[in-house]
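Remarks on the structure that follows.
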């Protein structure tokens, strides 16, 4: 053990902390399952905010930062649907009458 700690170049307390953490069960397993289910249920369209709201609706009180962290661990990203470009607005206003008819030259000021 001493040689491993020296080889890794970490303090002894850090080694024991990591060993203790590895033996501990994951407290977020049930939430991870719920998040995965909500994500798949909505075909990847829900981000961490909407998933958190859905968890609150299902009776789980979870912070949005925790949901974001778990989604990052699971590799879940919200898919943003492309918005179609709509340039046609129909008859919006009136056309101004064409008084000049491209005759821009004037003999005196303030004629056109």
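The values are calculated or read from the model by the stated rules, or taken from the named source; none is laboratory data. Note that this is a predicted model, so its numbers are computed, not measured. Cβ coordinates were reconstructed from backbone atoms using ideal geometry, including for glycine residues, and neighbour counts include every protein chain displayed.
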Query raised in the report: Name the residues in region 1-22 that are in a helix (DSSP H, G or I) and surrounded by 10 or more Cβ atoms within 10 Å (Cβ to Cβ), would you?
Result: 5, 6, 8, 12, 14, 15, 16, 17, 18, 19
Report summary line: Expected output for region 91-112 (first residue part of a loop (DSSP other than H, G, I, E, B), partner surrounded by 10 or more Cβ atoms within 10 Å (Cβ to Cβ) and at pLDDT 85 or above, Cβ below 6 Å, 6+ apart or cross-chain) is 112/106
Report summary line: Among residues of region 23-36 being assigned to a helix (DSSP H, G or I) and free of Cβ contacts under 8 Å to residues at least 24 places away in the same chain, the residue surrounded by the fewest Cβ atoms within 10 Å (Cβ to Cβ) is 23
Query raised in the report: If the Cβ limit is 6 Å and pairs must be 6+ apart or interchain, which residue in region 1-21 that is in contact (Cβ under 8 Å) with a residue 12 or more places away in the chain pairs with which residue that is surrounded by 10 or more Cβ atoms within 10 Å (Cβ to Cβ)?
Result: 15/5
Report summary line: The lone condition residue 55 fails out of (1) on the phi < 0 side of the Ramachandran plot; (2) exposed (fewer than 13 other Cβ atoms within 10 Å of the Cβ) is (2)
Report task. Can you give me the number of residues within region 81-112 that are modelled with pLDDT of 85 or more and either surrounded by 10 or more Cβ atoms within 10 Å (Cβ to Cβ) or within 20 Å of residue 42 (Cα to Cα) (or both)? Result -> 1
